[in-house]
Structure formats: C-alpha cells, structure tokens
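Since every read-out is calculated from the coordinates, none of them should be taken as a lab result. Values in this document were obtained by computation on a predicted structure and should not be read as measured data. Note that we place each Cβ from the backbone using ideal geometry, even for glycine, and neighbour counts take in every protein chain shown.
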Amino acid sequence: MTASDRFTELGQQLRVDSVRAAAAAGSGHPTSSMSAADLMAVLIDGGYLAWNVDDLKDPANDHLIFSKGHASPLYYSVLKATGVIDDAELLTFRKFGSRLEGHPTPNIPPTDVATGSLGQGLPIAVGVALAGRRLDRLPYRVWCLCGDSEMAEGSIWEAFEHAAFNGLDNLTAIIDVNRLGQTRETMVGWDLDRYKARAEAFGWHAITVDGHDVTAVKAAYDEALATSGRPTVIIARTKKGRGVKAVEDQPGKHGKPLDDPEAAIEELGGERDISVRLRRPEDAKPHVFDTPGGQLPSWDEGEKVATRQAYGEALAALGSMRGDVVALDGEVSNSTHSELFREAHENRYFEMFIAEQQMIAAAVGLQVRGWVPYASSFAAFFSRAYDFVRMAAISRANLRLSGSHAGVSIGEDGPSQMALEDLASFRAIHGSTVLAPSDANQTAQLVAAMADREGISFLRTLRGKTTVRTPAGEQVRIGGSRVVREGNAVAIVACGVTVDEAVEAAETLAGEGIDARVVDAYSVKPIDARTIHTAARECGRIFTVEDHWAEGGLGDAVLEALAETDQSPPVHKLAVRKMPGSGSPEELLHEAGIDADCIAAAVRTYAANR
C-alpha cells in the first residue's frame, strides 16, 4: 500500500468512525467531520503531528486545536486512530458521564481548551504559539482546524493579524472550506482565491488545495513546515458529508446523524482498524526565566494611592518573585499600569493592542502551557470578550483579569468608559473570583493571591486615588473583608471607591448619635459571609453601597449571603440607577446617590422611621 493509499484509507476510517459515533449518540455533526477527514488523515499519518502518546502532557508535544469544535466526531476518531482512546470509548460520544462531550473540552486529554463557540480556537492557538515561541522556547507546532463558517467571526481576523504581527511560523491554520453552514451557503462559498487574498493581506503565507487530494494536502503541509517568518494557512476545498451520496454537499444535513448509518458505512467501504504511530517529539524542557526575587510593595496608612497604580507595582514585583508570571494588556498599559511589568520584564509582556477577544484568547493559550497570565484593560472593555471568558471557564482555564476605570467615579470620560456591570458579569462566571479592593495594600496582596487561584479571577481597580486604610502587615485574603469602623446602629457594606464615602458618612452620622459599622467587602465573590452574618445580627439593618448598577453586584452578593440565614434583616441597596453622563467624580457619585452625603441621608431616613 502506498502512502497515498494509506492516507485515503485512513480518511475513510475517520469518516466511518465519525458516522458511527454520531449514530451511537443519536446526535452530533458527522457531515462536518467527514469534510475534513482527509486533512486530518494526512496530518497524523504523514508524520506532521508530533505527540508523545505515552505522556500527553509532554511539553514538547505539538498542539492540535479544533476551532471547528462541532467536528468533535472527527477529533475523537483521530484520538482513536492514534491510540489515545479505544473503540468502546468512541461509542460513548455524548453519553452522560463520558469524556467525549458534544464539543471537545479538556476532560479528554490532550485537548487543550473547549472550542464549542466558533471563532475561538484560532485565537487561542495564537496564544499557544506565542508561548512556544517566546516563553517555552520549544519547537512544538500548533495546528488549528477551522471551519469556513467561523471565518465570519471578527475574532478570527484578530487572530490572523496578531499571528502575522508576531511572526508565528510555528502556527498552521487549516480551513475546511466545505461551503455549507448550518442554514445556507457561506458568504464566500468555494471562492478559495478570496480567502487567500484576505489571508495574504494580513501577512500570512496562504496555500489553496483540494482537501480530498491527499497528495496535494501532503505537499501543502510540507510547504507550511518550510515557511519561516510568518504563519501559514492551508485553505482546503472540501465537500460536507464527503463519501456518502445521501449527504455529500447537501444542504439541511448539518448537525444531524445520518438517516441510514449502516448504508453509509458500507458506501464508505466498511469499518477499518488502522492504527497510527505518531511521530514522537524530541525530548526538550521549557525555558525557565531567572528572577531576582523581592517582595510586594506596601504603602503607609493615610497615603492616597490609586489601586490601578498598586496593581502595576504589585504585578511588576510579583514578576521578579515568580518567573512563570506573564502579563498582557489591551494597549492601555499606561492607564492600567501594567506598563510597570513591561518595563521590568519585557520578555514576558504581550501587547495585544485594541483586541480584547484576542487578549483573553492569548491568555488562555499561555496558561495551557502552565504560564500564569494577568491580562488588563479598562473593565468596561472586557464585555467585548465575555464569551471568551465564559468559554475559558469551560476550558478550566486559570486567568487573572484586571479591569481599571470602573464606575462613575472615573469622571469626565462618560458612560462609554464606565464599567457598571463588571461585578455582575464576572460573578456569573462559573467558579470565578471577583475582587474590588479599596486601597493599595489590599490590591497588592490580592494580586499575589490571584497567582495560585484556580479559575477566572477578576480584580476591579480604580482610576482615582483612595485612602490607604489597611495596615501593610494586615492579612488580606480572597474571601475576606475588613471592618473599617465599629458600630451597632446600622451596617454599611461597601467596596472600592465607596469605602471612603461610607467612612465619611459614618463619621458624620456618629456626630448625630448614629453609630454605623462600615464593612469593606473587598472580596465580592466569594464574599465574607461570616462577617456579613455578624453585621446583620448585631446591627439589624444593612446598607450596601457600590459604584455599579443595582443588579448583580455587591448588594446582590450580600443578599445571597443573608439568604442562607434563618432571619434576614432589611437590606437597602445604594447603587447607580440612572445612566450617567460626564462630570467630575464628585458630581457623578452624588448624582448616583452613593457619595457620603447620600449614604448619610439614606441612613438618617431609616433612623427617623425606626
């Protein structure tokens, strides 16, 4: 049997196994898998994909990312052919408790990330390739299978631009151009020259090929390996449902098992049992960065410091203490102050420009290889990448995100720059951590604590300066809080910029005989339920104050904590409730009803009606 014959036979096996898996599940995307089967057959049997199957975590292994995640039957068929799973497990596809979920997730090694949301695999592949080139400094390659429908996603083109800008010749994208989407033909159809022109305009080396001509596919892979200085994209013309007349190149067959799988398998030549011995990578160890050591910065009580400044200083210090810490920024590093990390550790800093989706995706890719990424931007702009954050949680990724310029307190820039839903949106992410420190010493300790925190951690930082109230030696922990001022008449729970306002209000009220307790809830999720319960029991009524919309933020976190108690006292939520405009921070805090005067007035109303 010639190599080409073997490729062809293996491609048919991958099709048959895709049909079998979907038939066993009663659902899935076999036709989308069948179009790319020959592309994967040549990749694995032609010696292009290097995996140590005995150690799927070998740092020298190549990475195969299915951006086209719905083609999971093909992916799992590849895993079977290469000995990662057996046939019995293949047929558990989509069954409850199976590792073979409807779309791939890291539940099944060597899957790096979850890719069920289209347009995410290639941006993440860029991050993995960046890790290989600049951090690990290993020769592994990143192969990414894309579908032509997802080429409509803007995130794909962010990935194209960043891969070319960084000269990632260790990245090869393979576009399965089968022309048919879920409901109709794609915008570009089989116009391969149009795809090629777009890719070349972004600075990629582009190759067009018949995706079912295994000899041509092999030549394209050889050309990709020989290309240096820029990434390569192989644009392959294929047919959806290839090999089965009932579904080949037919609309309306997307996302459905074949009506007659047994006939289809017979038409494809029957079941096969070809095993592929993948090329094993040479032994290699990732690069380790030397670190001079040091300690976290601290500030004296009473100083006025912006928490975004503290974030930058703490991150730079952490980078000197830990060589695995890396930083990314969305081209606002002189505002978030991640520029301090860049100045200290330029070789571990990644400028992502105004491309928040690619920034989060790159961070996910970096953590695939065990690096500890911190990504920063204005908190409002993380909303552009929210689906990437959501999918990162499904990928079991460990990310640390810092959002600055939160709330109306940023002032004159106006509402387009004001994050007012960030606490709510990040609290909704599975397993997330949400932090809103009120001063610099809290910020520094929380930055360090995030490094070893699993899941998605979000740190909200402030544009303006706040008073340092936390002693440098006091422990600040995720899940903790501070009682800034004792009192039993009422409890005011605040975070971030509103802590200063709450303290000022409490001091004013004290002069009127109302002794208010102030709780600094710097950890919004997980919230310090014990301290909240104590305040409720001893003070009888709680006011929450936040520079955030009334829905989903600190107030709701407090209510959730109190819902676990037998008796919940009244809780009054002071929050932003009308669309702000431009103005000074003082004017905007007052208009929102969350400055010291408004807090004091709200408590007085309660005291008068008591």
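Key figures for this structure:
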quantity: Estimated distance in nm for a label pair at Glu185 and Glu551, the labels positioned 7 Å out from Cα along Cα-to-Cβ; calculated: 4.2 nm
quantity: Förster-model FRET efficiency, 30 Å R0, Thr565 and Arg396, C-beta, rounded to 0.05; calculated: 0.40
quantity: Residues Glu591 and His533, FRET efficiency given R0 of 45 Å [Cβ-Cβ distance, rounded to 0.05]; calculated: 0.85
quantity: Cα-based Rg of the range 387-471 normalised by 2.2 N^0.38 Å, two decimals; calculated: 1.14
quantity: Two-site FRET efficiency, Glu200 against Ile354, from Cβ-Cβ distance with R₀ of 22 Å, rounded to 0.05; calculated: 0.40
quantity: Relative contact order (%) - the chain, alpha-carbon pairs under 8 angstrom, separation at least six; calculated: 12 percent
quantity: Convex hull volume per residue in cubic angstrom - Cα atoms of the chain; calculated: 159 Å³
quantity: Helical mean residue ellipticity (222 nm; -39500 (n - 2.57) per DSSP H run of 4+; nearest 500) of the chain; calculated: -11000 deg cm²/dmol
quantity: Neighbour net charge for Trp299 - beta-carbon separation under 13 angstrom, K R +1, D E -1; calculated: -3
quantity: Length gained when the stretch Glu282-Arg604 is fully extended (0.36 nm per residue, less Cα-Cα span); calculated: 108.7 nm
quantity: C-alpha center-to-center spacing [the range 46-111, the range 392-406] in angstrom; calculated: 26 Å
quantity: Set of aspartates and glutamates with alpha-carbon distance to Lys525 below 14 Å, sequence-local pairs under 8 removed; calculated: Asp422, Glu454, Asp556, Glu560
quantity: Cα radius of gyration and Dmax for the range 304-467 (Å); calculated: 14.0, 41
quantity: Spacing of the two label points (7 Å from each Cα toward its C-beta) at Asn334 and Ser4, in nm; calculated: 5.9 nm
quantity: Size of the range 346-431 as Cα extents on the principal axes (Å, biggest first); calculated: 41, 32, 16
quantity: Cβ-placed point charges (K, R +1; D, E -1), dipole of the chain about Cα centre in debye, nearest 20; calculated: 720 debye
quantity: Long-range HN-HN contacts of Leu328 with modeled amide H, under 5 Å; calculated: Phe350, Tyr374, Ala375, Ser376
